[in-house]
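The values are calculated or read from the model by the stated rules, or taken from the named source; none is laboratory data. As the structure is a prediction and not an experimental result, all values here were calculated from the model. When we count neighbours, we look across all protein chains shown, and the Cβ atoms used for this are built from the backbone with ideal geometry, even at glycine.
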Amino acid sequence: MNSHLPVGRLAAYLEALSREKIWSAIVVTTALIAYADYMLPAIAAAPLYIPVICAACWGLGAREGYFVATITASLAVVPSLRSGMNLAPMMIALRVVVCILVFLFMAAVITSFRRSYDRELFHAHRDRMTGTLNKEVFQQRSARAIEDARHTRQTLLLVILDLDNFATVNNREGHIVGDDVLRSFAKGVSAIMRREDLIGRIGAMNLPCWCACRRLSRAKASQATFMPAFRKFWHARPFR
């Protein structure tokens with residue numbers, strides 16, 4: 001999503017907020033809309049619940065979005081009950097159900113869009129061959145990791161792995177086998193790294209990895225155990 005557009009800036013702003021702040025903003029905004037709609041029903045403030053539902057679905061997730069949609073739909077019907085209209089109980093129930101269904105449908109649309117956005121963002125950040133971070137994203141996150149480590153005084157361990165004689169495999173066995181070797185290579189590296197570690201592809205055969213360690217001794221221990229763990233995985237593959 002283009003961050004220069006208003007919608008893109010709003011999405012980026014929601015991404016930067018914590019879940020607690022998003023919940024607080026939703027609760028406060030919902031309370032203000034409900035109060036205005038209850039005290040001044042003539043202004044018909046119920047449509048203002050729509051951005052609240054969108055923010056909940058985008059920033060919190062599907063379950064929370066559906067919950068907010070149900071609550072706001074119920075609140076949107078309250079002014080019509082207070083206005084003194086003589087409605088049969090069946091009509092009141094029907095009005096509540098219709099409002100809830102409309103708001104839930106809206107939440108489903110935003111949730112579907114969010115999932116598509118996350119999927120496209122994931123693929124945009126990944127190398128198509130190995131599934132690791134691509135060169136540009138890896139460099140950006142590496143710079144951020146170095147800056148964070150400077151402030152928190154953490155130790156960063158940089159491991160650069162390279163496939164020897166990979167061109168020979170491509171020439172002798174073909175590119176299909178070569179691609180399979182490269183994918184298995186990346187899979188082996190990912191299997192022994194932690195989720196928070198950075199793994200990227202910056203060249204045809206280079207996979208650099210950043211590992212954050214609290215102490216230098218921990219970094220040295222990680223370095224000592226990394227290659228034996230990777231060799232164990234690699235020798236279990238059908239090709240070597």
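Of the conditions (1) crowded, with 16+ Cβ neighbours inside 10 Å; (2) under 24 Å from the mean Cα position of the chain (by Cα); (3) assigned to a helix (DSSP H, G or I), residue 48 satisfies every one except a single condition; which number is it?
(2)
Could you please give the count of residues in region 150-179 that are without any contact (Cβ under 8 Å) to a residue 12 or more places away in the chain and not β-branched (Val, Ile, Thr)?
Narrowing region 150-179 to residues without any contact (Cβ under 8 Å) to a residue 12 or more places away in the chain: 150-153, 164-165, 167-168, 170-176.
Those still in the list that are not β-branched (Val, Ile, Thr) too: 150-151, 153, 164-165, 167, 170-175.
Matching residues across region 150-179 total 12.
Out of region 59-76, which residues are over 20 Å from residue 20 (Cα atoms) and not in a helix (DSSP H, G or I)?
Scanning region 59-76 gives no hits.
Looking only at region 16-28, count how many residues are free of Cβ contacts under 8 Å to residues at least 24 places away in the same chain and in a helix (DSSP H, G or I). Steps first, please.
Let us first name the residues in region 16-28 that are free of Cβ contacts under 8 Å to residues at least 24 places away in the same chain, namely 16, 18, 20-21, 24, 27-28.
Now restrict to residues that are in a helix (DSSP H, G or I): 16, 20-21, 24, 27-28.
So the answer is 6.
Modelled with pLDDT under 80 and more than 27 Å from residue 55 (Cβ to Cβ) - does that describe any residue in region 117-128?
So the first thing to find is which residues in region 117-128 are modelled with pLDDT under 80, and the list is none.
Checked against the condition, which is being modelled with pLDDT under 80 and more than 27 Å from residue 55 (Cβ to Cβ), region 117-128 yields no hits at all.
Name every residue in region 127-176 that is assigned to a strand (DSSP E or B) and in contact with a Lys or Arg (Cβ under 9 Å, 6 or more places away or on another chain), in order of residue number. Even if it seems obvious, please write down each step before you answer.
Of region 127-176, the ones assigned to a strand (DSSP E or B) are 133, 155-162.
Answer for region 127-176, where residues must be assigned to a strand (DSSP E or B) and in contact with a Lys or Arg (Cβ under 9 Å, 6 or more places away or on another chain): 133, 155, 157.
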